[in-house]
Amino acid sequence: MTDVLATVGYGLAIAGAVVSVIAASGMLRLPDVFTRMHAAGVVDSLGAALVLVGLAIAGGFGTASARLLMILAFLWITTPTACHALAKIARAKGLMPPEREQQETGP
Amino acid sequence: MTLFADIALLAFLIAAAIAILRKRDLFTIAMLSGVYGLLSAAVFVALDAPDVAMTEAAVGAGTSTVLMLATLHFVGREAMPPRKRPLLALIVTVAVGSALVYGVSDLPLFGDPKAPAHGDVARHYLERTGEEIGIPNVVTAVLASYRGFDTLGETAVILTAGIGVLALLGMLPRRQRREVGAEPAPHRDHTILRVVAKMLLPLLLMFACYVQAHGELSPGGGFQAGVVFATAFLLYALVFGTRRARAIVPEAWLERGMAGGLLVYGSVGVVTLLRGGAFLDYDVLAADPTVGQHVGIIAIELGVGATVASVLIAVFFAFADVDPA
């Protein structure tokens, strides 16, 4: 039983790491602020969630896993907020998604 | 596995340091130094020093980044172009660097059992803390009790640094001051930011109290609690503006907190003297020496926490108040 839990937990953690690497390549390759922030958001929400839940499962259920889940709850509250604030400031400073820019200025 | 994590963290640290050196945009540099602080905190965790890691995460990644951003308000975003031939700077750097490298050769090797740090004193701390002080966190025992006099000095240094910053920045007449966030700012209508900040603040403040009160049992203590409290307060000031923040903690209270914390610390020492012990020898504070140690440590940790939190908040206000013109 413990082995199964450990396998599932580490599997989830590795999946989270893979998701984070994909998101990091997205941050480097995507064209503008907003799409790059979208990629960064994947690390914060899915990547961190997979890693933390995986570790919580692999470590067995106890105070440590409760703490990991609390960290996850904290991340899920703070990082979308930070993302939102960043996007809003970028918008206020006059940045726009490229397609929107084309639509508004016309072809 | 641990070795791999250590190497990865140190590589990240070096990369962050090189990136800081190569950038000219000061905003990026401020952000990168926050990243550097967070990475150092992770290194401290890897080294099994959570007490230090907590301080580094709150100060290195939190407070000092905010202070640097506040400084950018009045120095502008761009670094000055480097001078053409910084020969003198090169000579000074090489000289200081070689002196430091020469000094390193005298240090004991990492993990050397003969090093002074691993001598009798450390063994005494590790073996006798439970019996003499009666608390599980040896770091707090060394910091607050065995080396209580050093920590008194450190607290005095923090107070002196705070007074220095206030003397340099805080002497401006009141009309030259600028209230950050008081005028319509781009983040004025950040409802989500405000709601989340209000949601997190009680938790952060409760965590600060926990770190303060639980420092004998788990990582933490006055320094950590002070910086966590100050960071929570800085968050409030950043989201809601310094005018509202000032309404909560008036300047007079900050000044009292800065000096009062050190006063509490020193008074504990005077009380131990009056009760017939040595300066900061908490054994005499109660009938049972272990209880006396507990009372003394809790009292001085409160003093340290008050001084650290007040100095950090006062320094932030001093920076936020300076008119960039």
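Remarks
- The alpha-carbon atoms of the range A:37-78 define a convex hull whose volume equals 43 cubic angstrom per residue.
- Charge dipole magnitude, Cβ of K and R +1, D and E -1 - the range B:138-325, Cα centre, debye nearest 20: 780 debye
- Principal axis dimensions, largest first and in whole angstrom, of the range B:138-325 by Cα: 59, 35, 22
- By accessible area with a 1.4 Å probe, ligands and nucleic acids excluded, highest first: order of B:Trp253, A:Trp76: B:Trp253, A:Trp76
- Dmax and Rg, reported as Rg then Dmax, of chain A (C-alpha, Å): 17.9, 62
- Both chains summed, the buried accessible area for B and A stands near 800 Å², from protein heavy atoms and a 1.4 Å probe.
- Environment charge at B:Pro289 (Cβ cut-off 9 Å; Lys +1, Arg +1, Asp -1, Glu -1): -3
- Here the range B:1-105 is treated as a sphere whose radius is the Kirkwood value from Cα pairs; by Stokes-Einstein at 10 °C and 1.306 mPa s it diffuses with a coefficient of 101 µm²/s.
- Summarised in one figure, the compactness ratio Rg/Rh of the protein assembly as shown, Cα atoms and Kirkwood Rh, is 0.99.
- Highest-first arrangement of B:267-276, A:51-60, where packing means the average Cβ count within 10 Å: A:51-60, B:267-276
- Taking all pairs of distinct alpha-carbon atoms in chain B, Kirkwood radius in angstrom: 22.2 Å
- Where B:Lys23, B:Lys198, A:Lys93, B:Lys84 fall by accessible area, highest first, once all protein chains stay in place (1.4 Å): B:Lys84, A:Lys93, B:Lys198, B:Lys23
- When the Gaussian network model of chain B links Cα atoms closer than 10 Å, the mean-square fluctuations of B:Pro250, B:Pro116, B:Pro136 top out at B:Pro116.
- Projecting the Cα atoms of B:Ile91, B:Leu72, B:Leu32 onto the charge dipole of the range B:1-105 (Cβ charges, centred on the Cα centre) puts B:Ile91 farthest toward the positive pole.
- Placing +1 on each Lys and Arg Cβ and -1 on each Asp and Glu Cβ, with no other charges, gives the range B:240-303 a dipole about its Cα centre of roughly 480 debye.
- GNM top mover of B:Pro50, B:Pro289, B:Pro113 - chain B, alpha-carbon springs below 10 Å: B:Pro113
- Separation between Cα centres of the range B:22-49 and the range B:253-282, rounded to whole Å: 35 Å
- Each residue was assigned an accessible area with a 1.4 Å probe, and for B:Ser64 the value is about 40 Å².
- The listed residues B:Phe149, A:Phe74, once ranked by accessible area (1.4 Å probe) with the largest placed first, stand as B:Phe149, A:Phe74.
- Calculated [222 nm] ellipticity per residue, helices only, for chain B: -23000 deg cm²/dmol; basis is -39500 (n - 2.57) per DSSP H run with n ≥ 4, divided by all residues, nearest 500.
- What you get for the protein assembly as shown, charging only the Cβ of Lys and Arg (+1) and of Asp and Glu (-1), is a dipole of about 1820 debye around the Cα centre.
- Among B:Ile20, B:Ile248, B:Ile192, the residue with the largest mean-square fluctuation in a Gaussian network model of chain B, with springs joining Cα atoms closer than 10 Å, is B:Ile192.
The values are calculated or read from the model by the stated rules, or taken from the named source; none is laboratory data. Quick caveat: nothing in here was measured; it's all calculated off a predicted structure. Cβ sites come from the backbone with ideal geometry, for glycine too, and all protein chains shown count toward neighbours. Calculation scope for accessible area: heavy atoms of the full protein, side chains included, ligands and nucleic acids excluded. Shrake-Rupley method; radii C 1.70, N 1.55, O 1.52, S 1.80 Å.
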